[in-house]
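The values are calculated or read from the model by the stated rules, or taken from the named source; none is laboratory data. A quick note: this is a predicted structure, and the numbers were derived from the prediction, not measured. Don't worry about glycine lacking a Cβ; one is built from the backbone with ideal geometry, like all the others, and counts go over all protein chains shown. Only protein heavy atoms, including side chains, enter the accessible area calculation; ligands, DNA and RNA are left aside. Shrake-Rupley method; radii C 1.70, N 1.55, O 1.52, S 1.80 Å.
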Number of protein chains: 2
Amino acid sequence: MADEAAKLDEALRRQGDTVRRLKQEKASPEEVAEQVAKLLELKAQLGTEEGKHKFVLKTPKGTRDYNPKQMAIREKVFNIIISTFKRHGAEVIDTPVFELKETLTGKYGEDSKLIYDLKDQGGELLSLRYDLTVPFARYLAMNKITNIKRYHIAKVYRRDNPAMTRGRYREFYQCDFDIAGQFDPMIPDAECLKIVHEILSGLQIGDFLIKVNDRRILDGMFAVCGVPDSKFRTICSTVDKLDKATWEDVKSEMVGEKGLSREAADRIGEYVQLHGGLGLTEQLLQDTKLSQNKLAREGLGDMKLLFEYLTLFGIADKISFDLSLARGLDYYTGVIYEAILLQPRNAHKEEPVSVGSVAGGGRYDGLVGMFDPKGRKVPCVGVSIGIERIFSIMEQKVEASEEKIRTTETQVLVAAAQKKLLEDRLKLISELWDSGIKAEMLYKKNPKLLNQLQYCEDTGIPLVAIIGEQELKDGVVKLRVVATREEIDVRRENLVEEIKRRTCQP
Amino acid sequence: MADEAAKLDEALRRQGDTVRRLKQEKASPEEVAEQVAKLLELKAQLGTEEGKHKFVLKTPKGTRDYNPKQMAIREKVFNIIISTFKRHGAEVIDTPVFELKETLTGKYGEDSKLIYDLKDQGGELLSLRYDLTVPFARYLAMNKITNIKRYHIAKVYRRDNPAMTRGRYREFYQCDFDIAGQFDPMIPDAECLKIVHEILSGLQIGDFLIKVNDRRILDGMFAVCGVPDSKFRTICSTVDKLDKATWEDVKSEMVGEKGLSREAADRIGEYVQLHGGLGLTEQLLQDTKLSQNKLAREGLGDMKLLFEYLTLFGIADKISFDLSLARGLDYYTGVIYEAILLQPRNAHKEEPVSVGSVAGGGRYDGLVGMFDPKGRKVPCVGVSIGIERIFSIMEQKVEASEEKIRTTETQVLVAAAQKKLLEDRLKLISELWDSGIKAEMLYKKNPKLLNQLQYCEDTGIPLVAIIGEQELKDGVVKLRVVATREEIDVRRENLVEEIKRRTCQP
């Protein structure tokens, strides 16, 4: 369609030239008039073409609407996540969708280019939040809070290449839980992993694995492998690609783009293939090279402690100490982790959802200090659940099961058996609403009873309260159970009670 | 502070001039050196000044964070609103926070200048949503939906002059309920007003009044008052200011800025002071001028019908047919309404919150057709609850009452009576979490019992599960009721049951 318009545009340009040429050449008025008429026709055509294309009916790239069925699934997922956060005693906060641009500056390393900026319309320069962690740190510094356990569920924005079938969007939810404060080592860190474990178990979306590592172990490893200090962060970004790329590709980026020596890269290569549990922490604490590095020793000691706590929580079997885990963001300072699904539930289907990481996080002890005027640090550790990928899986699971999802909670439809009862229906439904009953009626003066019953079938409303002239005279309402077609007369004053009893809602 | 920096800047500029002049004049090296030293000192000062101002720790203008206490109040408000929407059988949808810029173009009349645009970073031109109504209409057209009753609660964005103490923000929540579809007249319209009534009653924030009018009555009134067709919308915008401005000011805008004749303005002035109920609709249907206008007649007929339905709903006494109500937005085509609070609850306080409209809406039968490629119309009517003003009132009410709001739901704190019991605490709390108990513990290796009890006092946790060496040996846990200081030994296998029983959570 755009091609059509371009062709027309070109034709119009040429016709314009022709008319100008004829006028310059002082051609006969008839000849000019003929060509001008052609020109006007083309212009009219282009106008229509433009009219047609002017309006594209879509959501912005990388975003989507949620319809009522999707919202029902989303609410189910949120409920599991929120109840887990609350079970761990978290408070909840909210922050604006945009921040001062400078608040986000220098926090995301190479990912900063993905930040959405707002147009400069006068006043402050603003950007859409890229995650919930930086706004949280800004909130702590701004309010001088040194101690909080909070969750925050909200949308974040990244100008990434969307892969929507795999649940990767430009607008997506993050569900964050963080613990801020000066505490004894690894106790809050272990709780974050327990929370990820509880949520992924609760969602019942298949087996999962939580990889853990520590930035101090990575930095120590880089040091003993001969990476110059100045290259720690950028080499860390490259290691982070190991979940998607092969070691060969990662190595060639290290050596080629990042200018690391081939020997250093090879030494890194040996470490990053290691993964295990408590045993690996003990093995590496004996590693002659690594154990000489102070940072690595600290990280390994804490990793050992972490695994002891995870064992007490009974979840150590799902956790893998993995030296290839690096995490992209700049602000991590200690333990880092990432949860991946091992076998998507619908693996038997032809096209299984390919999902990446569904949760991630770590310790960031320096971030709040970056916002504090005096640089006062507040140690933090947290986890972020990526709802979109989980949601994609849940959605496919529901579709595959042909489970019928109700999108409303309506308990009863107020219906009329005869014509001219609109006013009586309005009165009855008003009584029900005022008593807390979830009730609907058709917005027609004289709906057919069959249509009213069909509406209940379609939407899953379990009960129909039917009034006719006889019922009105007798002071009763005919209550029909949609599933069984059973009908009983209920005295009007008992109707609310009876509906509550039958729909099990107190 | 900015002034300070500007002064320094100026001083620096002058000092630079002085140094240059001295050099040109070949002054003595000592003299130059002295002035250069001064220059460097100023530069250093400015550097510090700039350093200080470089980072402003704040949320963007017109926005705010919600702390846990505020979130608790906000959730309470949301629960009342959502349960009302659900009681009326609404489904829920969600749309992206931004839309294609062109989706918002031409929908908001004079308010369009308040739309936030995103920066052009390549790709589509985007704007933050200004309300939830236009995205809803876009959603209906895009998905060819002709029939839905949905709610949508989300933040919208307006580059307005914030008045945050009065609950007016640049980022704020709207809670929208809309009914789309071709139905018999005024039945869905009446339900929208019933919903506003239920919500404002449920929130218990004092007496309120819902003003109603109809765009057709307004247009008819403009016609019979001698307003030219082309000026209907702009005069409508001016009438809309009557809630804040006097009639004299409004008239002078009509005559001065908008170029309306003084006579026409005076005729409008007579109508817009009218307000009443069913009686007024009947009176105006007899009005010799107004009743001759077809649009006005239609509007008045529907208004009469609306009041009949509102009477059946038992809410007519809170509704006022008010000819001065105009509503700013372009897209309304029929009935319009706006709810205002009459006596803020805290009127006895020194500085009462001055609140404006807390809900508004109306019928917009043409909006969906603006998005449909074939212009197919879907009649819609809806209402939007403005949560921020309500929230401001609720917040002040809570503060005034000194009611203590809990920000977590934690049922029990797992505590130790002696040192070296961290591992036992971790094991016990893990058992409780896995049984669905909301539990916390202090993140310390060896917390003092007093500190643990104090934490419960501070945060409102009702129970403490205390373990000591004796309890561990006996297979019991000491359960302490914080309020009464009562302590009982509970066998470990009965602990979950006992906590559930005592915190009334099944």
Would you check if A:LYS438 is farther than 28 Å from B:ILE80 by Cβ and touching a helix residue (DSSP H, G or I) at 6+ places or on another chain (Cβ under 9 Å)? no
* For segment B:465-478, indicate whether the set of residues that are open to solvent by less than 50 Å² (accessible area, probe 1.4 Å) and in a helix (DSSP H, G or I) is non-empty. => yes
Item checked: Test: A:GLY269 is over 28 Å from the mean Cα position of the chain (by Cα) and open to solvent by less than 30 Å² (accessible area, probe 1.4 Å) -> yes
Within segment B:80-89, residues being at the interface with chain A (Cβ under 7 Å from one of its Cβ atoms) and open to solvent by 10 Å² or more (accessible area, probe 1.4 Å) number 2
Only one of A:SER430, A:SER401 is surrounded by 14 or more Cβ atoms within 10 Å (Cβ to Cβ) and out of contact with any Pro (no Cβ under 6 Å at 6 or more places or on another chain), namely A:SER430
Listed by range, helices (runs of 4 or more DSSP H) wholly within segment A:236-337 having at least 2 residues that are within 27 Å of B:LEU428 (Cα to Cα), aliphatic (A, V, I, L, M) and touching a Leu at 6+ places or on another chain (Cβ under 7 Å) are A:294-312
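Looking at the structure I just gave you, is A:VAL383 part of a strand (DSSP E or B), within 23 Å of the chain's Cα centre (by Cα) and surrounded by 19 or more Cβ atoms within 10 Å (Cβ to Cβ)?
So A:VAL383 fits the description; yes.
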- If you go through segment B:137-149 one residue at a time, do you hit one that is assigned to a strand (DSSP E or B) and under 15 Å from B:VAL381 (Cβ atoms)? yes
Margin query: Looking at segment A:178-190, can you tell me whether even one residue there is more than 30 Å from B:ASP434 (Cβ to Cβ) and outside any loop (DSSP other than H, G, I, E, B)?
Written below: no
Listed by first then second residue, the pairs whose first member lies in segment B:317-338 and is surrounded by fewer than 21 Cβ atoms within 10 Å (Cβ to Cβ), whose partner is among the β-branched types (Val, Ile, Thr), with beta carbons under 6 Å and at least 6 positions apart or on separate chains, are B:LYS318/B:ILE210
Going through segment A:90-144 in order, the residues found to be basic (Lys, Arg), more than 7 Å from chain B (Cβ to nearest Cβ) and within 21 Å of A:GLY62 (Cα to Cα) are A:LYS113, A:ARG129
Checked segment B:280-316 for anything of a type in the set (A, V, I, L, M, F, W, C) and open to solvent by 60 Å² or more (accessible area, probe 1.4 Å); matches are B:LEU295
Filtering segment B:435-464 down to residues that are assigned to a loop (DSSP other than H, G, I, E, B) and out of contact with any Ser or Thr (no Cβ under 7 Å at 6 or more places or on another chain) yields B:SER435, B:GLY436, B:ILE437, B:MET441, B:LEU442, B:TYR443, B:LYS444, B:LYS445, B:ASN446, B:PRO447, B:LYS448, B:GLY460
If we keep only residues of segment A:154-212 that are among the aromatic types (Phe, Trp, Tyr) and within 12 Å of chain B (Cβ to nearest Cβ), then the residue most open to solvent (accessible area, probe 1.4 Å) is A:PHE183
Residues in segment B:65-89 that are hydroxyl-bearing (Ser, Thr, Tyr) and assigned to a helix (DSSP H, G or I) total 2
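Residues B:GLN45, B:GLN15: which one is modelled with pLDDT of 70 or more and not small (Gly, Ala, Ser)?
Step by step, each of B:GLN45, B:GLN15 is checked, and only B:GLN15 is modelled with pLDDT of 70 or more and not small (Gly, Ala, Ser).
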A:LEU450 fails exactly one of (1) in contact (Cβ under 8 Å) with a residue 60 or more places away in the chain; (2) open to solvent by 30 Å² or more (accessible area, probe 1.4 Å), namely (1)
Within segment A:386-445, the residues that are more than 39 Å from the chain's Cα centre (by Cα), at the interface with another protein chain (Cβ under 10 Å from one of its Cβ atoms) and over 22 Å from B:VAL196 (Cα atoms) are A:LYS445
